[in-house]
Amino acid sequence: MKSLFEFNIGAFLPPPGLPGSFSEITVATSRDPDPENVGGQSVVVIKSASTAVETSTEPHDIARELKILSGLSHTNVIEVLGHFTGDVNNALHFWMPHVRYSLTTLLDCPVFGLGTEPANPFTEDFVDLARSILYQLTSALAYLHHPSQGVAHRDIKPGNILITESGCVKLIDFGVSWSKEISPSSDCLWPEPQGSLCFDVSTGHYRAPELLFGARDYDPYATDLWSLGVLASEFFTALKQGNPDSGFDSDEEDRWHRTSLFNAERGSIGLAWSIFQVRGTPNEENWPGFKSLPDGSKVTFEDVPPVDLVPLLPNAPPGDHPTFTGSHSLPPETSNSPVDLIYRLLVYPPEKRLRAEDALRHPWFTSEPLLLPDEYPQDQSIPLAVKGRTDGRSLGDILATFTFHETFDPSYDDSGDEYEEEDEE
Ligand SMILES: Nc1ncnc2c1ncn2[C@@H]1O[C@H](COP(=O)(O)OP(=O)(O)O)[C@@H](O)[C@H]1O
Ligand SMILES: [Mg+2]
């Protein structure tokens, strides 16, 4: 592998040792004269982790991640270009194209929203880009969840959603994913046969409520749908300035960030309570299966009703919002508002959440032209898909109007240090 790449030791993404990080990410430049050997890419990102059970944390498994990714092929799923097994720490390395932008930084961009000014010049761009990103992500999930793939991502969150310069979404990080073909096998570090899944998956406030009550016999696809609902809501919550909840970097006092519908700062029970305060305390009517979850009867929560989501989503484009039913039940009529889509994903009984395949046909995506990246495959089943606006601007042009930080600047070069595996750890 060393002969293929020029490693830039200063270019770790994110800084090594960042909490919650189980792998090492390196940006490298190919020095192979034949670009075909590295998938035609000059700048790649290498993900490395140990394959030894004693240095891995359940259910993280880079070998399973590589196996799952190698079996996938979709415009919105990151492509693996090659891999290598090192002898140090039984490390496995695989590389993929470097993708310039991350959804985390886009969501933290203060002008990416409706704005408080009545005539925010970015409003139309915001709405078009939000619809496109959420459509493309939903498309990735519909592909993964389809029985021919049978893959649940299990860690849907902005940090795992990258965006190319042309506005194409790339879902990354299949480190805790579940595959119906691969995960039950005893060859995996942490075999997970159906009915005996790990519930310590998904991150922070993106975690589905059944995971907070010890479910093992859960539907892993449905947990992705809940996370998708939480993520979709974050395009439309209020923007605040100040220290966001993760707050490990004290220089970030002035950083803009989106508020979340739910709060994971006080552990699983605190997160559950914050969910109940928005969607109502579970009962026999709104979630008949709740009491049969392993920990469903261990804690008694105060009985609180659900609240209307519309006031919590001030950046949702004005329009035909669903009328609040006053209960957990769905709006009776489907409307072309993103709030309607969010209501249909943030549903307690996992089997009642809107499936990704059906979410693609939600009127929010289909009732108006949907902007897609130039290279997006022509799919006749996407009604009203367009590659550019009538004024000639492409999705990439619209993305460029939002000045946000890059995940990594490939022009950065720190004196060309050579990568030495032995020095790591
Ligand atoms: N292909 C890529 N292009 C650009 N940045 C990447 C790429 N893959 C990973 N990253 C960056 O590295 C971070 C960690 O990678 P990820 O696969 O999510 O590992 P982990 O399992 O440690 O979360 C991502 O959040 C992203 O910022
Ligand atoms: Mg990640």
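The values are calculated or read from the model by the stated rules, or taken from the named source; none is laboratory data. Bear in mind the structure is a predicted one, so any value in this text is a computation, not a measurement. No Cβ is skipped: glycine too gets one built from the backbone with ideal geometry, and neighbour counts run over all protein chains shown.
Looking only at region 199-213, decide whether some residue is part of a loop (DSSP other than H, G, I, E, B), at pLDDT below 90, at positive phi and touching a helix residue (DSSP H, G or I) at 6+ places or on another chain (Cβ under 9 Å).
Initially, region 199-213 is screened for residues part of a loop (DSSP other than H, G, I, E, B), giving 199-203, 207-208.
The next check asks that each one be at pLDDT below 90; those that pass are none.
No, region 199-213 has no match at all.
Within the span defined as region 294-306, every residue fails to be modelled with pLDDT of 95 or more, under 21 Å from Ala152 (Cβ atoms) and small (Gly, Ala, Ser).
If you go through region 141-162 and keep only what is crowded, with 24+ Cβ neighbours inside 10 Å and either acidic (Asp, Glu) or within 15 Å of ligand 2 (Cβ to nearest atom) (or both), you end up with His153, Arg154, Ile156, Ile161, Leu162. Screening Asp155 with (1) in a helix (DSSP H, G or I); (2) within 16 Å of ligand 1 (Cβ to nearest atom); (3) acidic (Asp, Glu) gives one miss only, at (1). Suppose we keep only residues that are out of contact with any Leu (no Cβ under 6 Å at 6 or more places or on another chain) and outside any loop (DSSP other than H, G, I, E, B) within region 387-421. Which one would you say is modelled with the lowest pLDDT? That would be Glu421.
Taking (1) modelled with pLDDT of 95 or more; (2) touching an Asp or Glu at 6+ places or on another chain (Cβ under 6 Å) in turn, Val38 satisfies each apart from (1). Cβ separations smaller than 6 Å between residues 6+ apart or across chains give the following pairs from region 79-96 residues that are touching a residue at least 60 places away in the same chain (Cβ under 8 Å) to residues that are buried (at least 18 other Cβ atoms within 10 Å of the Cβ) and part of a loop (DSSP other than H, G, I, E, B): Trp95/Leu81; Met96/Ile78; Met96/Val80; Met96/Leu81. Just to verify a result, which residue in region 132-152, among those that are in contact (Cβ under 8 Å) with a residue 60 or more places away in the chain and not in a helix (DSSP H, G or I), is farthest from His98 (Cα to Cα)? Here the residue is His146.
How many residues, within region 60-72, are basic (Lys, Arg) and either farther than 17 Å from Ser202 by Cα or assigned to a loop (DSSP other than H, G, I, E, B) (or both)?
Just the residues of region 60-72 that are basic (Lys, Arg), to begin with: 64, 67.
Still in the running and either farther than 17 Å from Ser202 by Cα or assigned to a loop (DSSP other than H, G, I, E, B) (or both): 67.
Selection size over region 60-72: 1.
Per the listing Thr75, Thr29, Thr57, the residue uniquely assigned to a strand (DSSP E or B), hydroxyl-bearing (Ser, Thr, Tyr) and modelled with pLDDT of 65 or more is Thr29. Annotation: of all residues in region 168-183 being within 15 Å of ligand 1 (Cβ to nearest atom) and not in a strand (DSSP E or B), the one that is surrounded by the most Cβ atoms within 10 Å (Cβ to Cβ) is Phe174. Restricting to region 252-285, give me the number of residues that are under 19 Å from Ser227 (Cα atoms), of a type outside the set (Ser, Thr, Tyr) and in a loop (DSSP other than H, G, I, E, B). Qualifying residue count for the region: 8.
Cβ-Cβ distances below 7 Å connect the following pairs, each with a first residue in region 166-177 that is over 16 Å from Val45 (Cα atoms), a second residue that is away from ligand 2 (no atom under 11 Å from the Cβ) and charged (D, E, K, R), and a separation of six or more residues or different chains: Ser166/Asp374; Ser166/Glu375; Cys168/Glu375; Val176/Arg154; Ser177/Arg154.
Applying the criterion of being under 22 Å from Ser202 (Cα atoms) and within 13 Å of ligand 1 (Cβ to nearest atom) to the residues of region 42-54, the residue that is modelled with the lowest pLDDT is Ser50.
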